[in-house]
1. Placing unit charges on C-beta atoms (Lys and Arg positive, Asp and Glu negative, everything else neutral), compute the dipole magnitude of the chain about its Cα centre in debye, rounded to 20.
2. Using each residue's phi in segment 34-44, evaluate 6.51 cos²θ - 1.76 cosθ + 1.60 at θ = phi - 60° and report the 3J(HN,Hα) Karplus result to the nearest Hz, with x for Gly and Pro.
3. Quick check on my link table: of Lys7/Lys113; Lys17/Lys74; Lys7/Lys49; Lys51/Lys113, which ones sit more than 27 Å apart, alpha carbon to alpha carbon?
4. Given the options Asp35, Asp12, Asp56, which has the most mean-square fluctuation in a GNM of the chain, springs set between C-alpha atoms less than 10 angstrom apart?
5. Just check segment 34-117 against the gyration tensor rule for me: Cα atoms, a ≥ b ≥ c as the square roots of the eigenvalues, rounded for a/c under 1.5, and otherwise prolate or oblate depending on whether a/b exceeds b/c.
6. Could you name the aspartates and glutamates whose alpha carbon sits less than 20 Å from that of Lys50, not counting residues in the same chain fewer than 8 places away?
7. For segment 69-80, in order, what is each residue's ³J(HN,Hα) by Karplus, 6.51 cos²θ - 1.76 cosθ + 1.60 with θ = phi - 60°, in whole Hz (x at glycine and Pro)?
8. Name the most mobile residue of Gln60, Gln97, Gln18, meaning the one with the largest mean-square fluctuation, in a Gaussian network model of the chain with Cα contacts below 10 Å.
Amino acid sequence: LKYDTSKETIFDKIIAKQLPADIIFEDEKCLAFNDVNPQAPTHFLVIPKKKIPTLDASSQDDTEILGHVLLTAKTLAQKRLPNGYRLVINNGPDGCQSVYHLHVHILGGRQMKWPPG
Ligand code: 5GP
């Protein structure tokens, strides 16, 4: 691996409430908060509280949590973005992942382009 997935990330601090975030939803398994550097009028993240560094690092054991994160993203997105939205999971360096704690981006409020850059 060209990247270190063992370190604490900024998202661990947000989960622990050691760092403030604009939290929009929380339950025992996941947390959703607005992205600090939004790439669309609506841009928030849903993360598992379990420390899974990348999608690559997830396994069959994470089936329930991954499903829960995805359904939470859907529930929050469809309320805010009735005209549609985009989910993104960046994985590893070529995927432009910068925070090594698995997260789903939810983007909307403008017309998305396809293919993405
Ligand atoms: P990645 O590039 O890893 O898929 O996305 C990480 C995202 O986390 C970026 O969109 C970045 O703006 C966001 N981010 C990084 N640090 C913080 C932070 O401290 N607070 C919040 N709310 N978002 C952050």
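Every read-out reported here was derived from the displayed coordinates using simple, explicitly stated rules and does not represent laboratory data. Owing to the predicted nature of the structure, the values given are computational and were not obtained by experimental measurement. Backbone-built Cβ (ideal geometry, glycine too); neighbour counts: all protein chains shown.
1. Approximately 420 debye in magnitude.
2. Those phi angles translate into 5, 5, 5, 10, x, 9, 7, x, 10, 8, 10 Hz.
3. Distance filter (> 27 Å) returns Lys7/Lys113; Lys51/Lys113.
4. Asp56
5. oblate
6. Asp4, Glu8, Asp12, Asp22, Glu26, Asp27, Glu28, Asp35, Asp61, Asp62, Glu64
7. 4, 5, 5, 5, 4, 4, 4, 5, 5, 5, 6, 8
8. Comparing Gln60, Gln97, Gln18 in the GNM, the peak value goes to Gln60.
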